[in-house]
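Note sheet for the following structure.
The values are calculated or read from the model by the stated rules, or taken from the named source; none is laboratory data. Predicted model, so just to flag it, every value in this text is computed and none were measured. As a convention, Cβ positions derive from the backbone with ideal geometry for all residues, glycine included, and neighbour counts pool all protein chains shown. We work out accessible area using only protein heavy atoms, side chains counted, and drop any ligands, DNA or RNA first. Shrake-Rupley method; radii C 1.70, N 1.55, O 1.52, S 1.80 Å.
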Amino acid sequence: MKEMIFTTMPMFVCLFWSTMLALDMPTQRHKRARWHLLAFMLATTILYWGHCAFFNHAIDILPLADTLYLTCNLAVYPLFFFYVSALTSRSDRLKLSWLFLLPTALGFVAVGTIYFFMNDAETSQFIEQYLYNGKRMELNGLAATQAFVHDVCKIIFGLLIIPTYVLGRNNIKQFNTLVRTAYSNTEHKTLDTMHWLFIFFTITSAASFIANLIGRQAFCDTIWLLAIPSVLFSSMLFALGYVGYQQRFSIQDIEEDEKEIDASNENISATSELRSNIEKLMTEEQLFRQPNLKILDLVQRLGTNRNYVYQAINREMGISFSEYVNRMRIDYATLLLSQQPNRSLAEVAEQSGFTSSTSFYRNFKLYKGIGPKEYQNKLKGTS
């Protein structure tokens, strides 16, 4: 009973998030990142179905299950990278990414074809000797060829971890930088949680690679050896599914915002003059108090090109747009508190332009060195 629970746990976790994403798709069908996450979860579900067939000794369906397992094993990293890329990369950069699935296609064809041409004796020999006992020396004919292909697939599986981690991490960092240069409120927009989850995913993947090298047969007879990776992978996949399901903001939203701006409008081009106009607009009209202020709002108000506004803030001022706006919001919040020390902090946060108390407290501590409550108490003590 315990073995059945641990062998099916990761599969049902992935099936759960596949179902949740599929049910959510009618309202999110235009979000390419959601489709990629669904593809990843479906592939992982099939992968762990292959695990279940192996660990529960479903010999009759093992050739099919093993073929799908090997195929999805080679597909999960490319599919996860596609998901991260769909969240972070502009559409024109996604085309060549599909070459990442070439090993998956070749592995499916090779393993499936060899199984198709193996006779019953070769299939039984391969399953008993290689899959369940990890022996290669006694194999011959197509069984030996199948073992060689499996070994090659294990090596490719490990090699795929490296580009997935390096490229995916860089994409996430670049996306977070872009968000901070374009939006004042970055809450629920940046991929900070995904960044740490991505690192955990990579560490877990390395453990999976080691388990692959050891061979699944080593985990068959000891329940705790089976339980540890099952719980680890189930937890990681559930966290990944939860964070991905909650993540609604992606590069598509940035692209849609940019489409609203006429890129040919370049009435103001002098960066120093533009900086002066930005500061005047922000100070006199207190645009920073708009909860969802975007850099594109400044572009529209100033009738200029967004690249010039980026340059005026990022290069001339030396800070990101979100930092520039949040500094002004905190300065305004301290002004409100100095005028009325007993004012509600929730009210101060709202009037300063923050959409949540969490963001207000975090930024206040960041720019003032103490929390707003402590700052308020100090004001009360001197009044």
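Here are the numbers for the structure shown:
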item: Ranking by accessible area, most exposed first, for TRP196, TRP49, TRP35 with a 1.4 Å probe; result: TRP196, TRP35, TRP49
item: Candidates GLN290, GLN129, GLN339: whichever shows maximal mean-square fluctuation once the chain is modelled as a Gaussian network with Cα springs under 10 Å; result: GLN339
item: Computed accessible area, SER338, all protein chains, 1.4 angstrom probe, square angstrom; result: 60
item: Which label in (1) 53, 24, 15; (2) 33, 26, 20; (3) 34, 22, 19 gives the computed semi-axes √(5λ) of the Cα gyration tensor in Å; result: (1)
item: The chain: angle of helix 192-214 to the longest principal axis, Cα-based, in degrees nearest 10; result: 10
item: Inter-part distance where region 52-86 and region 156-182 are each reduced to a Cα centre, Å; result: 24
item: Most mobile listed residue (PHE148, PHE209, PHE233) in the chain, GNM with C-alpha springs under 10 Å; result: PHE148
item: Charge dipole (region 1-124, unit charges on Cβ, about Cα centre) - positive-most of LEU87, LEU47, PHE117; result: LEU87
item: Carbon and sulfur %, accessible surface of the chain computed with the full protein complex present, 1.4 Å; result: 60
item: Exposure ranking of ARG343, ARG275 by accessible area [1.4 Å probe, largest first]; result: ARG275, ARG343
item: Proximal charge balance of HIS188 [Cβ under 12 Å; K/R count +1, D/E count -1]; result: -1
item: Accessible surface, per residue, of the chain when the full set of protein chains is kept, probe 1.4 Å, Å²; result: 49
item: Heavy atoms of THR177 accessible to a 1.4 Å probe, total area in Å² rounded to 10; result: 80
item: Ellipticity estimate at 222 nm from DSSP helix runs (n ≥ 4, -39,500 (n - 2.57)) divided over the chain, nearest 500; result: -24000 deg cm²/dmol
item: Cβ-based net charge around LYS368, under 13 Å, with every Lys or Arg adding one and every Asp or Glu removing one; result: +4
item: Most fluctuating residue given options TYR77, TYR367, TYR130, as computed from a GNM of the chain linking Cα atoms under 10 Å; result: TYR367
item: Between 0 and 90°, nearest 10: helix 102-117 axis offset from the chain longest Cα axis; result: 20
item: DSSP loop GluC sites (Glu not before Pro) with at most 15 other Cβ within 10 Å: longest gap in the chain; result: 1-137
item: Protein-only accessible surface order, largest first, of LYS373, LYS189 at 1.4 Å; result: LYS373, LYS189
item: Other-chain or far-sequence residues with amide H under 5 Å of TYR183's (modelled H); result: ILE295, SER322
item: Residue-by-residue Karplus 3J(HN,Hα) for region 13-24, coefficients 6.51, -1.76, 1.60, Hz, glycine and proline x; result: 5, 5, 5, 4, 6, 4, 5, 4, 5, 5, 5, 7
item: Magnitude of the charge dipole, the chain, Cβ model with Lys/Arg +1 and Asp/Glu -1, debye to 20; result: 1080
item: Whole-number percent relative contact order across the chain, with pairs defined as alpha carbons under 8 Å at least 6 apart; result: 16
item: Simple label model, 7 Å out from Cα along Cβ direction - PHE200 to LEU99, nm; result: 3.4
item: Tilt relative to the chain, helix 357-368 - C-alpha long axis, 0 to 90 degrees, to 10; result: 70
item: Within straight-line cross-link reach of LYS365, lysines at Cα separation under 30 Å, skipping those fewer than 8 residues along the same chain; result: LYS173, LYS189, LYS280, LYS294, LYS373, LYS378, LYS380
